[in-house]
Amino acid sequence: MVYRIKVVLISLALLTMTSLSNVQAQSDERCFPETGFCIAGRFREYWESNGGLSIFGFPITPQQEEMVEGKPLQVQWFERNRFELHPENARPYDVLLGRLGVTSLEIDRQDWTAFPTATPLPECRYFAETQHNICGDILTYWRANGLEFDGQEGKTEAESIALFGLPLSEILTVTIEGQSYNIQWFERARFELHPENAPPYNVLLGLLGSHVLQALQAICIDFEEPPWALGTQYGDPVGQVPGNIAFTSGGVRVLVQPFEFSGGGGTFNYAQIDDAPISFSAGQSLRLNHINVEFDFNTIGFSPSQVSLDFLDLGGTENLAVNGNPSFIDDIARAPSLMAGVAVSVNVTPIPRGKSGTVMLNGPIQSFSIGGQEFWIDHVCISP
Ligand SMILES: [Ca+2]
Ligand SMILES: [Ca+2]
Ligand SMILES: [Ca+2]
């Protein structure tokens, strides 16, 4: 996982350099100060003739070569989708869109085939292929937009399907960044209902391109073999002292540090690659037993704006520090919501004997450290 992501990061850096020289050669480019990227050539024509900003969003990368299913392709990412250039295909199939609804659900570890299916509802369009309806304002928006294939005014159903794909869910109520929304998943889009807005802004498309690109650029540390052997220890039992580097992964240096008690005083025991007694993430994890681990991002080549991790807490107290700003919290669930200018949110699921959950940090993060006693962490993901 880490290896693949490093390759993507390196290739993005190289391609950014290549594309700068390409940009100067393009005469038909249209640039967007909002993101600092430009569109040109066939991608510009496609973006402009098939819905533009509301459908695809701003460009968030240059046009660049990327490996797609083992083949080098010209690709450009937008806030809401990804364009691939296929010059071997006749128009309009020389530009293909990513299936970012499906990819986004995979990244969020949601199985769309497990969403509740439905029978046909009155005044809705029902797709037997996926057993879902499209209704109301979403149906109006879905029908009004599409890829312009036939040159005739208006959108045929085939044109709408080519742009959005088939529905993968009924309308679902979900929480996005603390707000509750009614949404519906399609193969290439997430429709969001905004009844507070006047049409056509009462239906908005989710920023799936941004979400998927951020996940691809993330460095995730999962504590799996290789390189981590079950039972590997760090800290006092292997002769390490506070400030020693336990390991480096994806350029992230991870140091061992003393655990501190709420009432003062500290201890320096051990961390261990472990099979947690209760499943909470996937595979092996890192057990923290009276020790802190500090993740240092000063050598990874970008400054993270988001860090997330899974945890299992079966007792004792926790420490959490962000950018060197410590908090000797009794319980990870009571972490302050703001630390050193970084928003901290902790999602908790009660389980027998304790709790599991996720910690999410959003803001400029140079480092963070975390520790506990009967405390495990896994799937530490660091995103630009
Ligand atoms: Ca048409
Ligand atoms: Ca793991
Ligand atoms: Ca605890």
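The values are calculated or read from the model by the stated rules, or taken from the named source; none is laboratory data. Quick caveat: nothing in here was measured; it's all calculated off a predicted structure. Virtual Cβ from ideal backbone geometry, glycine too; neighbours counted across all protein chains shown.
Here are the numbers for this structure:
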quantity	calculated
Looking only at the range 63-117, and only at residues there that are part of a loop (DSSP other than H, G, I, E, B) and small (Gly, Ala, Ser), the one that is nearest to the chain's Cα centre (by Cα)	Gly98
Residue pairs meeting the criteria (Cβ under 6 Å; at least 6 apart or on separate chains; first assigned by TED's automatic domain parsing to the domain that holds Asp274 and over 24 Å from Asn298 (Cα atoms), in the range 222-249; second among the aliphatic types (A, V, I, L, M) and at pLDDT 95 or above)	Leu230/Ile273; Thr232/Ile273
All strands (runs of 3 or more DSSP E) inside the range 322-374 with 3 or more residues being touching a residue at least 60 places away in the same chain (Cβ under 8 Å) and surrounded by 15 or more Cβ atoms within 10 Å (Cβ to Cβ)	367-372
The range 261-289, residues that are under 22 Å from Asn323 (Cβ atoms) and surrounded by 19 or more Cβ atoms within 10 Å (Cβ to Cβ)	Ala271, Leu286, Leu288
Residues of the range 362-384 satisfying the condition of being more than 16 Å from ligand 2 (Cβ to nearest atom) and either in contact with a helix residue (DSSP H, G or I) (Cβ under 8 Å, 6 or more places away or on another chain) or within 19 Å of Gly283 (Cα to Cα) (or both)	Gly372, Glu374, Ser383, Pro384
Residue that is farthest from Ile370 (Cα to Cα), among those in the range 218-242 that are assigned to a loop (DSSP other than H, G, I, E, B) and of a type in the set (Asp, Glu)	Glu225
Residue match in the range 290-302 (condition: buried (at least 19 other Cβ atoms within 10 Å of the Cβ), free of Cβ contacts under 8 Å to residues at least 60 places away in the same chain and more than 15 Å from ligand 3 (Cβ to nearest atom))	no
Test result for Ile219, of a type in the set (A, V, I, L, M), within 16 Å of ligand 2 (Cβ to nearest atom) and at pLDDT below 95	yes
Residues of the range 67-83 satisfying the condition of being within 20 Å of Gly36 (Cα to Cα) and either in contact with a Leu (Cβ under 8 Å, 6 or more places away or on another chain) or in contact (Cβ under 8 Å) with a residue 60 or more places away in the chain (or both)	Gln74, Val75, Trp77, Phe78, Glu79, Arg80, Asn81, Arg82, Phe83
Pair list, Cβ under 8 Å, 6 or more apart: the range 147-165 residue in contact (Cβ under 8 Å) with a residue 12 or more places away in the chain, other residue more than 16 Å from ligand 2 (Cβ to nearest atom) and of a type in the set (Ser, Thr, Tyr)	Glu148/Ser49; Phe149/Thr156
Matching entry among Ala189, Ala162 (being under 29 Å from Pro116 (Cβ atoms), of a type in the set (A, V, I, L, M, F, W, C), touching a helix residue (DSSP H, G or I) at 6+ places or on another chain (Cβ under 7 Å) and not assigned by TED's automatic domain parsing to the domain that holds Ser305)	Ala189
Subset tally (residues that are within 14 Å of ligand 3 (Cβ to nearest atom) and more than 12 Å from Phe280 (Cβ to Cβ)) for the range 335-349	2
In the range 121-169, the residues that are surrounded by fewer than 21 Cβ atoms within 10 Å (Cβ to Cβ) and assigned to a strand (DSSP E or B)	Arg125, Tyr126, Phe127
Residues satisfying the stated conditions in the range 243-254, i.e. surrounded by 15 or more Cβ atoms within 10 Å (Cβ to Cβ) and not in a loop (DSSP other than H, G, I, E, B)	Ala246, Phe247, Ser249, Val252, Arg253, Val254
Restricting the range 255-275 to residues that are part of a loop (DSSP other than H, G, I, E, B) and within 14 Å of ligand 3 (Cβ to nearest atom), the residue that is modelled with the lowest pLDDT	Ser262
